[in-house]
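To start, the structure itself, in structure tokens.
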Amino acid sequence: MRKLVEILHKARYPDTNSGKKKGSRAARKKPAPKWVRPAVKSGLIVAISAIAVAGPTWLWQSGTVTRGLESLWQKTITQTAGLGFKIENVVLRGRRHASRRDVIRAVRLNRSDPILGFNINDLRRRLVKLQWVREAIVTRHWPDTVDIHIVERQPMVLWQRKGRLYLVDTDGVSITSKGLGRFRDLLIVVGKGAPKAAPTLLAMIASEPALAHQVTAATLIGKRRWNLKLKGSIKVRLPERDPHKAWQRLARLNAKHKLLARDVRMIDMRLPTRLLMRPGVLNSQTTRVKGQRT
């Protein structure tokens with residue numbers, strides 16, 4: 001009877017020992033090819049990139065932003081840091097005049113922080129708020145590097161306003177009023193609207209190199225025309241219409257008659273056919289232009 005029971009038991013529950021051996025042999029897998037790990041890592045980088053771009057956008061557009069989802073998102077970011085996607089290097093390019101301390105405060109990134117733990121647009125907005133930064137480009141380089149390229153404002157002139165000097169860039173934007181000693185060679189402009197009009201003025205002055213180095217300041221009169229101050233405290237009044245032509249005319253007369261070497265206090269060029277000169281304290285000087293005495 002016992003043998004019969006054993007036979008029935010074996011028939012219902014066959015012995016699995018031999019099956020295990022066969023199954024273990026069948027289940028044994030070949031080692032993965034060498035290219036698998038890099039491929040998996042590349043796929044993970046692509047997936048994380050997609051999450052970084054689409055994740056917050058989907059949450060926002062779907063209208064399902066809740067504390068639970070935000071918490072889940074933060075946990076996901078933390079887990080990616082555990083996989084090696086954390087900040088190890090922050091590369092800063094383009095900084096010349098901007099304070100390094102101010103840039104670091106605006107960046108707010110620390111080593112070992114999750115590389116997905118910051119918003120690129122928010123970081124860019126913080127950077128462009130700095131006085132010297134005109135534009136900023138922030139890029140993630142997987143898995144551990146953040147590249148920051150800032151474009152600084154280009155100093156153009158010093159603007160004198162209410163007795164104080166301000167450094168102004170090529171867009172007419174005031175940069176700073178501090179630490180201007182290194183920019184003392186820049187032209188000083190005075191008057192309302194002078195920073196915006198300065199690029200045209202500088203181009204005109206540069207067109208006559210023989211005179212350009214003598215100009216030290218310029219005052220915009222009524223947003224219409226310029227009075228220039230030259231070395232030796234000589235003032236030149238330019239006309240409202242076609243000041244460039246008057247500037248070229250002054251250059252020709254100076255080359256021929258050495259006007260700026262004389263004892264002259266003021267040269268008035270507002271009349272198209274006449275040049276008026278106010279003498280200095282030593283004597284009076286006159287010059288003939290197109291047959292007329294001035």
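The values are calculated or read from the model by the stated rules, or taken from the named source; none is laboratory data. Quick caveat: nothing in here was measured; it's all calculated off a predicted structure. Neighbour counts are summed over all protein chains in view; Cβ atoms, including those assigned to glycine, are modelled from backbone coordinates with ideal geometry.
Just to be sure before I move on: is Gly82 modelled with pLDDT of 80 or more and in the same structural domain as Arg125 (by TED's automatic domain parsing) in the structure I sent?
yes
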Out of Arg111, Arg96, Arg124, report the one residue that is outside any loop (DSSP other than H, G, I, E, B) and either among the basic types (Lys, Arg) or touching a residue at least 60 places away in the same chain (Cβ under 8 Å) (or both). Arg124
Report whether or not Pro272 is assigned to a loop (DSSP other than H, G, I, E, B), surrounded by 15 or more Cβ atoms within 10 Å (Cβ to Cβ) and of a type outside the set (A, V, I, L, M, F, W, C). no
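From the list Val146, Val168, pick out the single residue that is under 19 Å from Arg95 (Cα atoms), modelled with pLDDT of 95 or more, touching a strand residue (DSSP E or B) at 6+ places or on another chain (Cβ under 7 Å) and in the same structural domain as Arg100 (by TED's automatic domain parsing).
Values: Val168 fails: in the same structural domain as Arg100 (by TED's automatic domain parsing).
The conditions single out Val146.
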Looking at segment 128-140, which of the residues that are free of Cβ contacts under 8 Å to residues at least 40 places away in the same chain and not charged (D, E, K, R) is surrounded by the fewest Cβ atoms within 10 Å (Cβ to Cβ)? Thr139
Of the listed residues (Arg124, Arg108), the one being more than 23 Å from Ser174 (Cα to Cα) and of a type in the set (Lys, Arg) is Arg108
I'd like to check something: does segment 255-265 contain any residue that is closer than 21 Å to Pro195 by Cβ, β-branched (Val, Ile, Thr) and either assigned by TED's automatic domain parsing to the domain that holds Gln160 or in a helix (DSSP H, G or I) (or both)? no
